[in-house]
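The values are calculated or read from the model by the stated rules, or taken from the named source; none is laboratory data. Quick caveat, the model's predicted, so the values are computed rather than measured. Every residue, glycine as well, gets a Cβ built from its backbone with ideal geometry; the counts of neighbours run over all protein chains shown.
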Amino acid sequence: MPDILLHLLPHVVSALLYGGLGFYFWHTRWRETDQPNVTLPMQNWERGALLVAMLIQGYGLYRDLFGAGGMRFSFSCALSLMLWLAVLIYWLESFRSRMDGLQPMVLPLAALSAAAPALFPQLRVIAHAGAWGFQLHFLTAMLAYSLFTLSALHAVFMGFAERKLHQRAFTRSLSSLPPLLTMEALLFRMIALAFGLLTVTLLSGVLFSEALFGKALSLDHKTLFAFASWGIFAALLTGRRVYGWRGRIALRWTLTGFMVLMLAYIGSRFVAEVLLGRL
């Protein structure tokens, strides 16, 4: 088998596993039947299958990022890594809360993100990757992005569940979801943690930009979008604490902040690498 196929194999296999598991969870949790709507908790073998998919995807990502010595990166790796971390956090949370109805929405997105490095394999070498400051900056940034990604997914889930409740459409998919209050509490826990990580990311970029990247901080569109997103989430957490924001207001602020944050890196790398062909 050619080396290129072996290199892409973990991404393809993990994408197929996520896709198959997503279909399975839809079939067992969401597909309407004549049977009564009975909650089906997540089984140990299902957690094990998800863990296998994450391990395969993680191996492929590690080889892409560090397999050639030094460090390489791309928008497709960023997207895949963010969803990998999001699935990991969701998987861990399933041991604490009932999350058995969220898989049909999470796993198709995980499948698409896992396949992204195979569809867009361009990688660029990252300078200063050996510095501990850069590694801290990179790790906190990716953890923050992944948590905000999962927060955005939860906002979509909550909007879906709330709309179905208002319509009194008590479907199997709705009955399989966790209670709205549980989902809302988890949403703000993730946002608060992600906001703290994003704050560390921005501060390290501002204070140590020259040491990390070899140049002073520049107010380009990436930096502006990142700070704009920080301001949106700061306003959301303040509104939650002071004014008790919840429901649709909180969901709109969450999705807006997430989209702005994605434009800070994913959008800029996609334009540079895919549309303009720059590495």
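The criterion of at least 2 residues that are under 26 Å from MET190 (Cα atoms), of a type in the set (A, V, I, L, M) and modelled with pLDDT of 90 or more is met by the following helices (runs of 4 or more DSSP H) wholly inside region 1-101: 3-25, 44-66. Considering every residue within region 217-225, establish whether at least one is assigned to a helix (DSSP H, G or I), touching a His at 6+ places or on another chain (Cβ under 9 Å) and either within 28 Å of HIS154 (Cα to Cα) or modelled with pLDDT under 90 (or both). Looking through region 217-225, none of the residues is assigned to a helix (DSSP H, G or I), touching a His at 6+ places or on another chain (Cβ under 9 Å) and either within 28 Å of HIS154 (Cα to Cα) or modelled with pLDDT under 90 (or both). In a residue-by-residue description of region 175-198, the property of being basic (Lys, Arg) and modelled with pLDDT under 80 applies to no position.
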